[in-house]
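J.: Sharing a structure here in structure tokens format.
The values are calculated or read from the model by the stated rules, or taken from the named source; none is laboratory data. This is a predicted model, so every value here is computed, not measured. Glycine also receives a Cβ, built like all others from the backbone with ideal geometry; neighbour counts cover every protein chain displayed. Areas reflect the complete protein model, heavy atoms only, side chains present, ligands, DNA and RNA absent. Shrake-Rupley method; radii C 1.70, N 1.55, O 1.52, S 1.80 Å.
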Amino acid sequence: MADEALAASSATPVSVAGIPSSERNVGDALWGKRRGGWRALGALPVLAVVIVVLPLLLPNKYFFDVVILIGLNAIVCVGLNLLIGYAGQISLGHAGFFGLGAYGSGILATKYGWPPLASMAVATLAVALLAFLVGRPILRLKGHYLAMATLGMGIIISTVLVTEDRITGGPDGMSVLPLQAFGFTLASEKGWYALVGVALLLAVWLARNLIDSPTGRALRALNSGEIAAQVTGIDTTRAKLMIFVVSAVFAAIAGALAAHYSAFITPGKANFLHSIEFVTMVVFGGLASTWGAVIGAAVLTLLPQVLTVFKDYEMVVLGAIMMGTMIVMPLGLVPTLALLGRKLQRRFEVQEKAS
């Protein structure tokens, strides 16, 4: 995790979620140097090892269910982090894309008899097209205006899913066929765990490669200052639209997987509060940090399960933990811990030279 470049130059700070880019970009100064060979993969092999070993430690189906939910949320957050953390474009409507992916695949597979793999692919393509069409006008907006526009988009999607009850089942939701392919039905928790684990690894790998590409450098330049990026020849409109579509695709894939895994979906998956949960996970883990998105999703998905011992005060304790964490670690979990680790390493090196 520590070797991940968290952002680009901070010449012209842009505030996202109240955190100036000059502060959020601190990780790049510490960990921005890329290394070749296996080390260039960063913590990806570590994540793979965790995914392989973790099933040996899970005692029952409930824990598998929680870990699968963590994986699905992490996929959405990895994509959303590309948009918010790297490109600096806020979105409060990504749960809408998640819900469209879920309902699109569920409706095609359940009501029209499509093969689930085909329904997932078509639903994802449809969401990508919608994100492209919607993104062109709304991404001309900035800051609070962009947040309001994406919020409105999410509300429209959620409302349509509720009111079109003949197709979606309305507020009561609808049943969804299990995932089937080549005559095989994926029904076991271990099978779903493996599928979601592979999907998460692929999402992280794609995100890290995108970040390291010229497109990723363009996004970081865009985050530091749109006018400055345009002066250097970057097509900022194209860059913003591309990353908006990519993040929507991540959310749609996770939504489609969630629908076939749970075999039941409701419009709640696309509502405003679910969008806020995704954004909170990204900010909590650390903006402009792929691993921060994964860890933020893991912590904030797992915490409510752990805090059930507090019963009526569960949400109070959760809120207090989140407030305390952001006060102590304003950059988010991963960037703050990376910064602390680098400081300790430097102190150790200085002491070693002195001795």
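J.: In this structure, does G296 turn out to be over 21 Å from L100 (Cα atoms), modelled with pLDDT of 95 or more and either touching a helix residue (DSSP H, G or I) at 6+ places or on another chain (Cβ under 6 Å) or assigned to a helix (DSSP H, G or I) (or both)?
T.: yes
J.: Next question. Which ones in segment 227-251 are surrounded by 15 or more Cβ atoms within 10 Å (Cβ to Cβ) and without any contact (Cβ under 8 Å) to a residue 24 or more places away in the chain?
T.: Correct list: A229, I234, T236.
J.: With the structure loaded, tell me whether L108 is closer than 23 Å to P267 by Cβ, over 22 Å from the mean Cα position of the chain (by Cα) and part of a helix (DSSP H, G or I) or whether it fails that test.
T.: Spelling it out, L108 is indeed closer than 23 Å to P267 by Cβ, over 22 Å from the mean Cα position of the chain (by Cα) and part of a helix (DSSP H, G or I).
J.: Testing V309 on (1) open to solvent by 10 Å² or more (accessible area, probe 1.4 Å); (2) touching a His at 6+ places or on another chain (Cβ under 6 Å), one condition comes back false. Which one is that?
T.: V309 satisfies every listed condition except (2).
J.: Look through V176, V134, V160 and report the one residue that is closer than 30 Å to P55 by Cβ and either touching a Phe, Trp or Tyr at 6+ places or on another chain (Cβ under 7 Å) or crowded, with 16+ Cβ neighbours inside 10 Å (or both).
T.: Working: V134 fails: closer than 30 Å to P55 by Cβ; V160 fails: closer than 30 Å to P55 by Cβ.
The match here is V176.
J.: Considering only segment 86-105, how many residues are part of a loop (DSSP other than H, G, I, E, B) and open to solvent by less than 10 Å² (accessible area, probe 1.4 Å)? Can you show your working first?
T.: Kept after step one, since they are part of a loop (DSSP other than H, G, I, E, B), are these residues of segment 86-105: 87-93.
Filter again for open to solvent by less than 10 Å² (accessible area, probe 1.4 Å), leaving 87, 91, 93.
Here the count works out to 3.
J.: Considering (1) of a type in the set (A, V, I, L, M, F, W, C); (2) touching a residue at least 24 places away in the same chain (Cβ under 8 Å); (3) part of a helix (DSSP H, G or I), say which one A288 fails and leave the rest.
T.: Every condition holds for A288 apart from (3).
J.: Looking at segment 143-157, which of its residues are hydroxyl-bearing (S, T, Y) and open to solvent by less than 30 Å² (accessible area, probe 1.4 Å)?
T.: Result: T150, single match.
J.: Scan segment 50-71 for residues that are of a type in the set (V, I, T) and exposed (fewer than 11 other Cβ atoms within 10 Å of the Cβ) and jot them down.
T.: Let us first name the residues in segment 50-71 that are of a type in the set (V, I, T), namely 50-53, 66-68, 70.
Residue satisfying the conditions is V53 alone.
Residues checked against (1) among the polar types (S, T, N, Q); (2) in contact with a strand residue (DSSP E or B) (Cβ under 9 Å, 6 or more places away or on another chain); (3) in contact (Cβ under 8 Å) with a residue 24 or more places away in the chain:
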{"position": "I167", "(1), (2), (3)": "no, yes, yes"}
{"position": "G173", "(1), (2), (3)": "no, yes, yes"}
{"position": "L179", "(1), (2), (3)": "no, yes, yes"}
{"position": "S188", "(1), (2), (3)": "yes, no, no"}
{"position": "W192", "(1), (2), (3)": "no, yes, yes"}
{"position": "L195", "(1), (2), (3)": "no, yes, yes"}
{"position": "A199", "(1), (2), (3)": "no, no, yes"}
{"position": "L210", "(1), (2), (3)": "no, no, yes"}
{"position": "T215", "(1), (2), (3)": "yes, no, yes"}
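J.: So, one more: Going by the structure shown, is D172 at negative phi, under 22 Å from the mean Cα position of the chain (by Cα) and acidic (D, E)?
T.: So D172 fails the test.
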